[in-house]
Protein chains: 2
Amino acid sequence: MRAVAARLGTGPMTLYNYVADRAALDALVVDGVLRGITIPHSPSSDWRVDVRGLAEELWRAVRPHPNAIPLVLARRSQSETFLDAAEALLAALARSGLDGEDLLVAFRAVTTLAAAFAQTELTGPLSARNGGADATIDRFRSLPTERYPRLIEIAGVARTSTPEAEFRRGLEALLDGLQQKFTQRR
Amino acid sequence: MRAVAARLGTGPMTLYNYVADRAALDALVVDGVLRGITIPHSPSSDWRVDVRGLAEELWRAVRPHPNAIPLVLARRSQSETFLDAAEALLAALARSGLDGEDLLVAFRAVTTLAAAFAQTELTGPLSARNGGADATIDRFRSLPTERYPRLIEIAGVARTSTPEAEFRRGLEALLDGLQQKFTQRR
DNA sequence: ACCTGAACACCGTTCAAGT
DNA sequence: ACCTGAACACCGTTCAAGT
């Protein structure tokens, strides 16, 4: 609150004329981030490209704002921005044939994957391309080999992989699973 | 810091003899939560039951501590507790045949799904069984039907589904996808 | 060497007074 | 009615003094 007020050149209390709470300001922050998502005007013929597109929009929108990601995951903001993006993603997922609880779960899994992969990339140790990541990766790689063989293996991989590729792979695996879920049911 | 110190009956500064930082204390919190995970002594013959078991352990360990979940997702703590649990999950995933970047991505997707589903359940609007969730679900259900049909559909589902079932379904879909990823490759 | 109170620079918010 | 400064009850951490 105080930081925002200072940036606007007023005292802290002035904000309370526009916002009820710190929580309400958090909601506006999330809203601002989600406003970066572009929703296609009309769906394509392939639900998978639509879901992938929206998931990547979310991932891209969220990535420049690591501190806001926990707020996004906690689902602050039920503004139109959020509702429209959610409905668009749900519509794309539903075109795969999923409905009911499967649809709810698919929605949660996809949004969660996008937000959490972005966060892990930016604050987690097991990823390339963030300040100090190399140091952490080296620490992992110097662990006792007999005890942590797989950890060492993926720490090696993390040195050269890109966040884009990692997210893309995770998303494709999830979409495969969701598609198969529907196929099994019919 | 001050709250912990007060609970221990000392002044705030005493903690600094045991801990470098607020960040170090956060790491201990995450560590305490992860210590609730039970790692089987020896793997079973089915990688899927092992991965599922460990993922559910993580989900269960994290669920009573909603405020710590963002810290878990941000990967504080590289203690033995964390390393051992991570290695056990990686070993189980590797027994599916995945390796390299696939293994890294699978690890991230599974841990992320467990932590984030627990968090969404506890702080998010789209889930049953948390104080005030019914109110939020009702709000969703009273949205304009033509504009948000799918949102309304899943809000209806959320009224009666359980967190356990939702997480289980999401996890199974992801595991299907990971399994298929390996099958496709050979 | 180990411990810790006072003090500092921050928070979000209440309350009362300003226009 | 709309706005906002002073003040309160909190933070994490530095610094200096205690044993």
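The values are calculated or read from the model by the stated rules, or taken from the named source; none is laboratory data. On a predicted model such as this, the values are computed, not experimentally measured, just so you know. Please note: Cβ atoms are built from the backbone with ideal geometry, for glycine as well, and neighbour counts cover all protein chains shown. Areas reflect the complete protein model, heavy atoms only, side chains present, ligands, DNA and RNA absent. Shrake-Rupley method; radii C 1.70, N 1.55, O 1.52, S 1.80 Å.
Brief remarks follow.
- Those residues of the stretch A:1-28 which are more than 11 Å from DNA strand C (Cβ to nearest atom), open to solvent by less than 80 Å² (accessible area, probe 1.4 Å) and under 20 Å from the mean Cα position of the chain (by Cα), in sequence order: A:Ala27
- Hits in the stretch B:34-70 (condition: at pLDDT below 95 and touching a Ser or Thr at 6+ places or on another chain (Cβ under 8 Å)): B:Pro66
- Scan of the stretch A:58-94 for residues that are more than 9 Å from chain B (Cβ to nearest Cβ), more than 21 Å from B:Glu153 (Cα to Cα) and open to solvent by less than 30 Å² (accessible area, probe 1.4 Å), ordered by number: A:Leu58, A:Trp59, A:Ala61, A:Val62, A:Ala68, A:Val72
- In the stretch A:1-57, the residues that are within 16 Å of DNA strand D (Cβ to nearest atom) and among the charged types (D, E, K, R): A:Arg2, A:Arg7, A:Asp21, A:Arg22
- Considering the stretch B:139-186, the residues that are modelled with pLDDT under 85 and within 17 Å of A:Glu101 (Cα to Cα) include one that is most open to solvent (accessible area, probe 1.4 Å), namely B:Arg141.
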